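A short write-up of the structure that comes next.
Read-outs throughout are calculated quantities, based only on the coordinates presented, and are distinct from any laboratory measurement. Predicted model only: the values in this text are computed from it and were never measured. So basically every Cβ, Gly included, is an ideal-geometry build from the backbone, and we count neighbours across all protein chains shown.
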Amino acid sequence: MHIPHITGIRDLDPGAIVALLDLAADLRDRTAREGPLDLLAGRTVGLLFMEPSTRTRFSFEMATRTLGAHPMVFSSATSSTTKGESLLDTARTLQAIGVGAFVIRHKSVGAPHLLAERIGVPVVNAGDGVNEHPTQALLDALTLRDRLGELRGRTVAIVGDVRHSRVARSNCFLLTALGARVVMAGPGTLC
């Protein structure tokens, strides 16, 4: 399976989603048995977190190390972006010094798509504005699949701020693609 970018759930067909979930489950099980793997040995992954993140950023940092790659953690607060350097220039600079893939979180909708279109390495969306958070949706689907088995025909309720939630949006797209019925609910101002 080769998926060059994961910029949004809508970009993945159901077969690709299932393949990613199967791969994630396999890697989780292998690392539980064997410890860290060297699947990405010698590679550098740029973690471009242009907005605050705790769980997602550290999860990607740990995953990168667990698979044998070196994470290059980028902080916009201490970079040339504070002087006006663009996202694209930042990514190109990091790519020139050896970054072979990017995980990006950005406040602007479409930032991961922009990078995916303009640079020649894989891009993974770790949240872009109020648009999507496909990696969280994949994790949520893996957890649901582990607990419930087949998701086709299941009804899943997403409750809360569904209007502004990139996670709710990605979960809706993913669960629907896998054949689940999704019900969203929340206060009127948040639906």
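Label positions at S86 and H70, each projected 7 Å from the Cα along the C-beta direction, are separated by 2.9 nm. A simple packing score, the average count of other Cβ atoms within 10 Å per residue, orders the peptides 105-115, 23-33 as 105-115, 23-33, with the highest score first. If the segment from L148 to V109 were pulled out straight at 0.36 nm per residue, it would be longer than the present Cα-Cα gap by 10.8 nm. Could you check the simple spin-label distance between A24 and L39, using points 7 Å along Cα→Cβ, in nm with one decimal? If labels sit at A24 and L39, their model points lie 1.3 nm apart.
Considering only alpha-carbon pairs that sit under 8 angstrom and 6 or more positions apart, the relative contact order computed for the chain is 22 percent. Scan around V182 for amide H atoms under 5 Å from its own, H built in the peptide plane at 1.01 Å from N, and keep only partners 5 or more places away or cross-chain. Amide H to amide H, under 5 Å and 5 or more residues apart or across chains, V182 pairs with V156.
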